[in-house]
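Notes to accompany the following structure.
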Amino acid sequence: MGKNQIISTFNRFAEMEAKDNSPLYEFWCHRIVQDDLLLDLIEHIPKTQPQPNLFFASVQYLALRTKQPLAHCFLYPEETKFEMSFHLLKDFCKENEYELIELFQTKKVQTNEVQRAAYLYPIFHEIFKRGNKPLTLIEIGTSAGLLLNLEYYQYEIQQSDPIHYGAKGSSLQIHAKNLGDTLIGVDTFEIKNRLGIDLNIIDLNVDEDFYWLQCLIWPEQQKRKENLKKARKIHLNCEKTLLEGDFRKLIPKYIGELNEESQIVIFHTHVANQFPSELKEELLIMINHLSRKTPIYHVYNNLYDQHLHVDYIHSSETTNLKVLKNTDGHGHYFYWN
């Protein structure tokens, strides 16, 4: 990837993602695009990875591990003087060039945002009510599999008439805003099976993997880091299957071996944007083929657009049931309909 494309990527990240979410990363982006040393370093990031996310996570990871002065910017972003912080960033990258390149080659951007469960929960509840069957959840790009535990979290949703759902008394309280139609009657539902698939499973039994997930979270978002800690404890006590490999091979095999009746739900959030167009097409072909034997719900975004879609596929016929438009990527708000 050439420097002009890197510059465009970091400018877009600053304006579309970091703005209003991470003032520190926004400032760094605007300075990075003017710095040849850092641009040369970033060229080592694989084309398959979101460059700003992998760059900042790698820097955060290494700075905190080595306890260098730059670490203070990640621990106390509200105290950071931006201009001075950029000089620290540049010096740090110069001194740790080879270590950072190794991280670029060995780590992946695999955030596991539990906040997205705020809108997945009522979607899965509707699917459960519609078919009156326990659910088999299959998540593509599962990372650590935290969204497979969603009924063990408690939710408080702000809307015209606030609503609570999920597990009362859960250690993990998820707060979100519904800016669309009022949600009513969201109740419990049964999950029979949980399968998460990823090319690189993050094992939260391993401290190193958990630490990397923490570093993928932006410095100002301490609440997300706290939620991740709480979700980890719940996750380790929730039975599920996490498989590493190609979903095109694993999903048909898994579904073919199911010996009890359940409603299959294949879902993925903020993963398909990393799929080439051929893989997106193969995903849809696979689901259509599987639907000849059993009905399937497909919950997804970033196949065609950023909206969250809920499709029902039966005998290769697809019915679009719901589209949640402009849903926040971090799950802080959604528009129900």
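In segment 154-163, the condition of being part of a strand (DSSP E or B) and surrounded by 20 or more Cβ atoms within 10 Å (Cβ to Cβ) is met by at least one residue.
Starting from residues that are of a type in the set (K, R) and at pLDDT 95 or above, keep the ones in segment 66-97 and report whichever is least open to solvent (accessible area, probe 1.4 Å). The residue in question is K90.
Of all the numbered requirements in (1) more than 16 Å from E113 (Cβ to Cβ); (2) without any contact (Cβ under 8 Å) to a residue 12 or more places away in the chain, G245 misses one, and that requirement is (2). Every residue in segment 281-308 that is without any contact (Cβ under 8 Å) to a residue 24 or more places away in the chain and either acidic (D, E) or open to solvent by less than 20 Å² (accessible area, probe 1.4 Å) (or both), please. Answer for segment 281-308, where residues must be without any contact (Cβ under 8 Å) to a residue 24 or more places away in the chain and either acidic (D, E) or open to solvent by less than 20 Å² (accessible area, probe 1.4 Å) (or both): E281, D305. In segment 209-222, the qualifying residues are those that are in contact with a helix residue (DSSP H, G or I) (Cβ under 7 Å, 6 or more places away or on another chain) and part of a loop (DSSP other than H, G, I, E, B), and the one that is most open to solvent (accessible area, probe 1.4 Å) is E220. Yes or no: segment 42-59 includes at least one residue that is in contact with a Pro (Cβ under 7 Å, 6 or more places away or on another chain) and of a type outside the set (G, A, S). Checking segment 42-59: not a single residue is in contact with a Pro (Cβ under 7 Å, 6 or more places away or on another chain) and of a type outside the set (G, A, S). A residue that is assigned to a helix (DSSP H, G or I) and loosely packed, with under 15 Cβ neighbours inside 10 Å cannot be found anywhere in segment 107-125. A Cβ distance below 8 Å, combined with a sequence gap of six or more or placement on separate chains, defines the contacts here; from segment 157-168, residues that are closer than 12 Å to D187 by Cβ reach residues that are part of a loop (DSSP other than H, G, I, E, B) and open to solvent by less than 30 Å² (accessible area, probe 1.4 Å) in the pairs I163/L183; I163/V186; Y165/V186; G166/Y153. The set of residues from segment 32-49 being under 10 Å from F10 (Cα atoms) and open to solvent by 10 Å² or more (accessible area, probe 1.4 Å) comprises just one member, V33.
For segment 233-256: of the residues being among the basic types (K, R) and modelled with pLDDT of 95 or more, which is nearest to L64 (Cα to Cα)? Among them, the one singled out is K240. Just wondering, is there one or more residues in segment 176-188 that are closer than 30 Å to E257 by Cα and in contact (Cβ under 8 Å) with a residue 24 or more places away in the chain? Checked segment 176-188: at least one residue is closer than 30 Å to E257 by Cα and in contact (Cβ under 8 Å) with a residue 24 or more places away in the chain. Just one residue in the set K225, K240 is of a type in the set (D, E, K, R), open to solvent by less than 50 Å² (accessible area, probe 1.4 Å), farther than 15 Å from T142 by Cβ and in contact with a helix residue (DSSP H, G or I) (Cβ under 7 Å, 6 or more places away or on another chain); that residue is K225. The test for being within 30 Å of R65 (Cα to Cα), in contact with a Cys (Cβ under 9 Å, 6 or more places away or on another chain), of a type in the set (S, T, N, Q) and at pLDDT 95 or above does not hold for S171.
The values are calculated or read from the model by the stated rules, or taken from the named source; none is laboratory data. Being a predicted model, the structure only gives us computed values, none of them experimental. Every residue, glycine among them, receives a Cβ derived from its backbone with ideal geometry; neighbour counts consider all protein chains shown. All accessible areas refer to the heavy atoms of the entire protein, side chains included, with ligands and DNA or RNA removed. Shrake-Rupley method; radii C 1.70, N 1.55, O 1.52, S 1.80 Å.
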